[in-house]
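The values are calculated or read from the model by the stated rules, or taken from the named source; none is laboratory data. Remember, it's a predicted structure, so these values are computed and weren't measured experimentally. When we count neighbours, we look across all protein chains shown, and the Cβ atoms used for this are built from the backbone with ideal geometry, even at glycine. Side chains included, ligands, DNA and RNA excluded: accessible areas come from the protein's heavy atoms. Shrake-Rupley method; radii C 1.70, N 1.55, O 1.52, S 1.80 Å.
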Amino acid sequence: MSKETQAAIATEPTKIAILTSGGDAQGMNAVVRAVVRTAIHEGAEPYAVYDGWRGAVQGGDLIKKMEWSDVSGILSSGGTTIGTARCAEFRTRDGMRDAVKHLLELGIDRIVAIGGDGTLTGADDLRAQWPSLIDELVARGELDATTAAHHPKLHLAGVVGSIDNDLVGSDMTVGTDSALHRIIDAIDAISSTAASHQRTFIIEVMGRHCGYLALMSAIAGGCDYVFVPEMPPEDGWEEQICQKLREGRAAGRRDSLVIVAEGAQDRHGEAITATQVRDVLAERLGEDVRITSLGHVQRGGSPSAYDRWMSTLLGFNAALTVIHATPETEPCIIATRHNQIVSLPLMDAIRNTRAVATYMKDGEYEKAVSSRGSSYREMLAVFNTLSSAVLHERHLDAALGRKPRVAIVHAGGLAPGMNTAARAVVLLGLDRGFTMLGVDGGFPGLLEGKVRELTWGDVDGWSGAGGANLGTRRTIASVDQFYALSRSIETNTIDAIVMIGGFAGYQQVWAMEKEKDRYPAFRIPIVCVPASIDNNLPGADLSIGADTALNTNTRALDQIKQSASASQRCFVAETMGRRCGYLALMSGIASGAEQVYLYEKGITLHQLSDDAARMVHSFEAGRNLYLVVRNEDASEYYTSELMTQVFQAEGEGLFDVRTNRIGHMQQGGNPTPFDRTLAVQLAVSTVDELSKQFATGKIRGVYLGNYRGRMAVQPVSHMDEQTDMTNRLPYDPWWLDLTDVLYTVADPHFHETLHPVLQPLTPER
Ligand code: ADP
């Protein structure tokens, strides 16, 4: 090879391939889009390998260079637009050698592979055999020595695309959240018809080795019984399930819902099928029992907001990881843990995942459940408590000499999931032996003494209900009402308060904390549970309701975008959130907006002028839609209307501009699966904290939440150190750095230096 050719190879841009293989999953397109655009941002050349590994083995047209616009408009589509296939040849050495040849013909030595454990094992095999396959290709005269010398190693990052959520070490895989959306929509629909006829329904969900979908949908759907593969029921389960359903009916349930994972089995490794369960129930309960098998519906449809923004982050990080890999970089899986992005050693994660199937085959169910992580085990136990109408009476509180009376109160704006959280706190609290009370109408209701006892039957149906059955108020008690407030706490014999709500509630509890020396009634356990679509609460990375609002916005923005497809139009869409930009930014990422305006970043005239110029330029270049998302309180002066007028004026008739305020629908709707399971997790921590305080006598006010990768319980007295109490904003919003991710995938002219948003790996899962 000539010196010129050698020099040309040495200065070639980095080439990176992306492929989707194995089963498809919603959100794969978001990963592909993010990888392609992050690669372009970094000056690398992205290639799509079509139809999974088959594309690599066959080469030719199946490996295509991707341009910015090749991934336009795919964010909202389900499935994978670059295709997927199963490919037997890739498992052979000849097939792999062809794959290496086709990749190296284009100078590709970096791959982001999206798929399940099969896909990623195949990728790692290819990586391991890469050097010897290159030697073979050179020996056969199919590859020149210089090219071979320049690509001695395959750099590899995997992203797990699998609705089953079966990767050990990761919390959520791409597609799982969307699949849960499909299942919960079905359960909610079935539950209303089942209740009308007092029927029993069996719902079969996917999950051959992993019961995640089954368990989480049983929890989120407020179901009665669940069969998961990792924890087969004891022998005699036939009578046990009947007993449990009878108890539920006796306590007032009008329907019975049973979830069966497709891989469900008994203690002897024999399958438990939906039909079998139906026959048992029909015969022993003498009831009309119906089966709904959800099948491929679970894989289909538009990806949820989470599967769009989280997949975008995964793709962004995977691309940066392989593009900037050094000879020492090990193959990895870019995954999520506690809503943060982490990098896991690829083969360890696969090995641990495969071990679960072996444990199950060997009857080592405890090990199988443990491998899924501590929260999976905890959720299994929690499901059993939530679904049991018969309470385990616990001891009375020694200090009080009676059952502690725990009152639930909402405050602040409505957040979908408030009912789910209240239900879970009531059911888990009853199980601990507390008397549970509901306060109607927030803190004003408490002032008026609107306190009532809540039983299992009162709250059982609240799991998926939108709104707040107890009512919520933005108004809180002022300091001059504290005497009346303390009297109400005393006369209603309230021993603890659980405040499930937003900033107003936090301010109320903070103010009570400061006055507790004057009012002994305030010296009781008080727990603040974060519930606010604004997601602006201290000590909680995500609050209940924010995911539902985000999904509402994502759907609304999808439709707004569609409505513009016939004209040249810019939309200025306005989201709620008060001063907190979370909803606006994440809605922007999830809907593929071009620009977001946040209070935290400010808006200047200079910026509006630049943005208008960029808008004009892109419409001139053929664009017919430009979406900007503005947070409602982003600026006091540059309102949505004013911005609309500025863009309209600068557009000089090239495009028209419309304002679109999404409005109160953001507070409505039934809570998403994510918000329901978050509500249950927070309820578990709430009840644990109350039990601890009653047991130790160390009484304090706390606020809790998933905070920087762990469940944190913090004293109310520290609240103002984490939060700007006047502007209602946390001092350290974790999500603000994601603006760079949005610009990387939305703006071809964005040139800032990027940093991965990877978090260090925490040892505990
Ligand atoms: P998933 O990735 O969803 O687990 P599969 O197990 O079907 O789906 O794997 C997808 C593709 O990955 C297979 O068709 C095959 O081409 C490749 N593959 C799977 N396992 C291996 C392996 N052990 N070695 C090489 N390639 C593999």
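Laid out as a table, the results:
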| read-out | value |
| --- | --- |
| Gyration tensor (alpha-carbon) shape descriptor, the range 579-643, a/c threshold 1.5 | oblate |
| Prolate/oblate/rounded call for the range 546-667, Cα gyration tensor, a/c under 1.5 rounded | oblate |
| Mean ellipticity per residue at 222 nm, deg cm²/dmol - from DSSP H runs of n ≥ 4 across the chain, formula -39500 (n - 2.57) | -13000 deg cm²/dmol |
| FRET efficiency, 1/(1 + (r/R0)^6) with R0 45 Å, evaluated for ARG474 and HIS324 via beta carbons | 0.40 |
| Relative contact order of the range 277-371, defined on C-alpha pairs under 8 angstrom at six or more residues apart (%) | 13 |
| Mean separation of Cα contacts under 8 Å (6+ apart) over length of the chain, as relative contact order % | 13 |
| Probe 1.4 Å, accessible area per residue of the range 176-299, Å² | 38 |
| THR92, THR119, ranked by accessible area, largest first (probe 1.4 Å) | THR92, THR119 |
| Residues of the range 546-667: accessible area per residue with a 1.4 Å probe, Å² | 40 |
| Solvent-accessible surface (1.4 angstrom probe) belonging to ASP362, in square angstrom, nearest 10 | 90 |
| Calculated FRET value between ASP61 and ALA145, using beta carbons and R₀ = 25 Å, to 0.05 | 0.35 |
| Relative contact order %, the range 546-667, counting alpha carbon pairs below 8 Å whose residues are six or more apart | 40 |
| Residue-wise HN-Hα coupling along the range 542-556, computed from phi with Karplus coefficients 6.51, -1.76, 1.60 (Hz; x: Gly, Pro) | 9, 9, 4, x, 5, 5, 5, 4, 5, 5, 4, 5, 5, 5, 4 |
| Accessible surface of the range 176-299 [probe 1.4 Å, protein heavy atoms]: carbon and sulfur percent | 45 |
| Antiparallel content of DSSP bridges confined to the range 187-323, in %, to 5 | 5 |
| Global size of the chain as Cα Rg and Dmax, reported in angstrom | 27.6, 93 |
| Beta bridges per DSSP with both ends in the chain, % antiparallel, nearest 5 | 25 |
| Portion, in percent, of the accessible area of the range 327-380 that falls on carbon or sulfur, probe 1.4 Å | 51 |
| nm² value of the averaged projected area, convex hull over the Cα atoms of the range 176-299 | 6.8 |
| Accessible area of THR659 in the full protein assembly, 1.4 Å probe (Å², nearest 10) | 50 |
| Dipole of the chain, positive end: most advanced residue of HIS296, ILE18, ALA264 [Cβ charges, Cα centre] | ALA264 |
| Accessible area per residue in Å² at 1.4 Å probe, computed on the range 708-759 | 51 |
| C-alpha long axis of helix 640-651 to longest principal axis of the chain, angle in ° | 20 |
| Protein accessible area in the range 546-667, 1.4 Å probe - carbon and sulfur % | 47 |
